[in-house]
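Encoded as structure tokens, the structure appears first; notes follow it.
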Amino acid sequence: RERRTSDVVVIGAGPAGLMAARTAKAQGLSVTVLEARRRVGGRTWNGLVEGADGKDHFIEIGGQWISPDQTRLISLVEELGLPTFSRFRDGRNVYVDPRGERHVYDGLDFPVAEKTDREMDRLIAKIDELTAEIDAAAPWEHPRAAELDKISFRHWLEQQSDDPEAIDNVSIYIASGMLTKPSHTFSLLQALLMSASAGSFRNLVDEDFILDKRVEGGMQSVSLAMAAELGDDVVLGQPVRTLRWAEPDPSTADEKNGVAADVRNGVAHDGAAGDVVALTDDYEVHARYAVLAVPPNLYSRISFEPPMPREQQIAHQHISMGLVIKVHAVYETPFWREEGLSGTCFGGGRLVQEIYDNTNRGENLAGGAPGKEDPHGTLVGFVSDVYAEQMWALPEEERKAAILGAMAEYLGPRTLEPIAFFLSDMAAEEWTRGAYATSYDLGGLSRWGHLQNRPTGPIHYACSDIAAEGYQHVDGAIRMGEAAALAIAEREAT
Ligand code: FAD
């Protein structure tokens, strides 16, 4: 193995890991970033899909949108000199109701019956009342955290209302739209964390807010730009297999039973900066600190020597990835615009519950230039949780037909004939295993959440999935990467 030495070893070159490395360097610390994949960016990924026209078409396989509250990401994008543009949203939207009837409407409010409209408003207000009580940085500190964490979001909604259409429509914004898990599998507290992290539930409901801006040339450009600054400090294609992070104290060894008592009792938890060694197939990186910048569902892919304290080992088993298919369909032109439609479509409880105009812009497109829009129109749709499972179980052509058919319910028969079609499948990727992000199972957040950002000896944690502001988003990843590096710099200074 090639031996390297640096102050900090960062595991994972997604936005969190790269921001940690960038910040640590700015603080005068040397860094090595070890990345499992042969590319940086993690769950952000600028891709190409070949069309029936023989041309490659640009797509964003992973995270892409920025909302106005995501101020740390916005300032970083500016600093890196990356241009942004607004999501296309001119024209009328489409809603398909539970009976399959299509309605064209203006503004944000779905064209539902007056009673359902009132119910939706009431539910949204109720969720926002509770959201205002939640500190996104510590939802487990809410005086009724355990109570809010033991009821599923679905069950709670059903206790509040007997209008299934209102429940489905309100549920979209957290369940299929964000956590990408069925609403009966996560708690009300977990739902409130999601809305608190975005400022309010109303912000999640407002697609013009939450899906506001995009980076020209794709969100992965943020990671590519940071990696370019870091140069040889980033090593690709090197999954970290083992992390040695503390020497157990032999004086406390429980010789009879073979486990070091200090580790078992959690003493190492408060361990100092020390000799950290990250081992990959080809590298051995010696450092004083590690930043673990991978999604929590992947912590257990690394052998920790000594093992993590028991509370961490238990906590990590209660965090899992959601599942969603991001659908990209590229057309000769954005035909929906000719019909006065924005491309924004909703239908709670349907196979495809949301669609947006995702036409690209920028100089990295074929024939592109800064600020220039692609003449081809792109739609993006989402197939979440149980529907994603159903779709992956189908043969490829049937899957494509089912998904395009569901999109055509909103935008008509021309939707059925894309020149290029691609399904993002992060669940099949070994170094992600789902989409968009991880969340706790019922009751997990109030029991284990307080541990997620507490360093384990010299190991600091950084990921969008343990963020407060920008939770499960690139902004949260950037914030967590920066915070981990600043915490290490502070420890170094004392
Ligand atoms: P990641 O991006 O997951 O990066 C972690 C890195 O660690 C990866 O590169 C991985 O390969 C690496 N790694 C894992 N294990 C190891 C190991 N053992 N050794 C070395 N390296 C390892 N966010 C938004 O803000 N807006 C959106 O519109 C949006 N849409 C999304 C759509 C999709 C389809 C997906 C999948 C995500 C979306 N997100 C969105 C979420 C966003 O992409 C993530 O929040 C963000 O990428 C998380 O960054 P991260 O650095 O915390 O983790």
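Here are the numbers for this structure:
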item	result
Condition broken by residue 381, with the remaining ones in (1) assigned to a strand (DSSP E or B); (2) more than 26 Å from residue 207 (Cα to Cα) satisfied	(2)
Which listed residue is touching a helix residue (DSSP H, G or I) at 6+ places or on another chain (Cβ under 8 Å) and among the aliphatic types (A, V, I, L, M), from 468, 483	468
Odd one out for residue 368, checked against (1) free of Cβ contacts under 8 Å to residues at least 40 places away in the same chain; (2) within 30 Å of residue 492 (Cβ to Cβ); (3) assigned to a loop (DSSP other than H, G, I, E, B)	(2)
Candidates 166, 146, filtered to the one that is in a helix (DSSP H, G or I), touching a helix residue (DSSP H, G or I) at 6+ places or on another chain (Cβ under 7 Å), farther than 24 Å from residue 468 by Cβ and among the small types (Gly, Ala, Ser)	166
In the stretch 447-484, residue surrounded by the fewest Cβ atoms within 10 Å (Cβ to Cβ) [restricted to those that are more than 13 Å from the ligand (Cβ to nearest atom) and either of a type in the set (Lys, Arg) or assigned to a helix (DSSP H, G or I) (or both)]	454
In the stretch 198-222, the residues that are assigned to a helix (DSSP H, G or I), farther than 13 Å from residue 132 by Cβ and not acidic (Asp, Glu)	204, 205, 209, 210, 220, 221, 222
Search result, residues across the stretch 10-38 that are under 22 Å from residue 279 (Cβ atoms), surrounded by fewer than 24 Cβ atoms within 10 Å (Cβ to Cβ) and not aliphatic (A, V, I, L, M)	30, 37, 38
Residues that are under 19 Å from residue 459 (Cβ atoms), more than 8 Å from the ligand (Cβ to nearest atom), touching a strand residue (DSSP E or B) at 6+ places or on another chain (Cβ under 7 Å) and in a loop (DSSP other than H, G, I, E, B), drawn from the stretch 1-29	6, 7, 29
Test: residue in the stretch 432-446 that is surrounded by fewer than 21 Cβ atoms within 10 Å (Cβ to Cβ), at positive phi and more than 10 Å from the ligand (Cβ to nearest atom)	yes
Qualifying residues in the stretch 64-113 (those that are of a type in the set (S, T, N, Q), touching a residue at least 12 places away in the same chain (Cβ under 8 Å) and not in a loop (DSSP other than H, G, I, E, B)) - the one surrounded by the most Cβ atoms within 10 Å (Cβ to Cβ)	93
Evaluation of residue 59 against (1) at pLDDT 95 or above; (2) more than 16 Å from the ligand (Cβ to nearest atom) (one fails), failing number	(2)
Verdict on residue 212 being in contact (Cβ under 8 Å) with a residue 24 or more places away in the chain and acidic (Asp, Glu)	yes
Extreme residue, nearest to residue 379 (Cα to Cα), among residues of the stretch 30-56 that are more than 15 Å from the ligand (Cβ to nearest atom) and among the hydrophobic types (A, V, I, L, M, F, W, C)	48
Some residue of the stretch 321-328 being among the charged types (D, E, K, R), within 16 Å of the ligand (Cβ to nearest atom), surrounded by 21 or more Cβ atoms within 10 Å (Cβ to Cβ) and within 28 Å of the chain's Cα centre (by Cα)	yes
Residue match in the stretch 393-413 (condition: of a type outside the set (Asp, Glu), farther than 24 Å from residue 40 by Cα and within 16 Å of the ligand (Cβ to nearest atom))	yes
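The values are calculated or read from the model by the stated rules, or taken from the named source; none is laboratory data. Every value quoted in this text rests on a predicted model; they were computed, and no experiment measured them. Note that we place each Cβ from the backbone using ideal geometry, even for glycine, and neighbour counts take in every protein chain shown.
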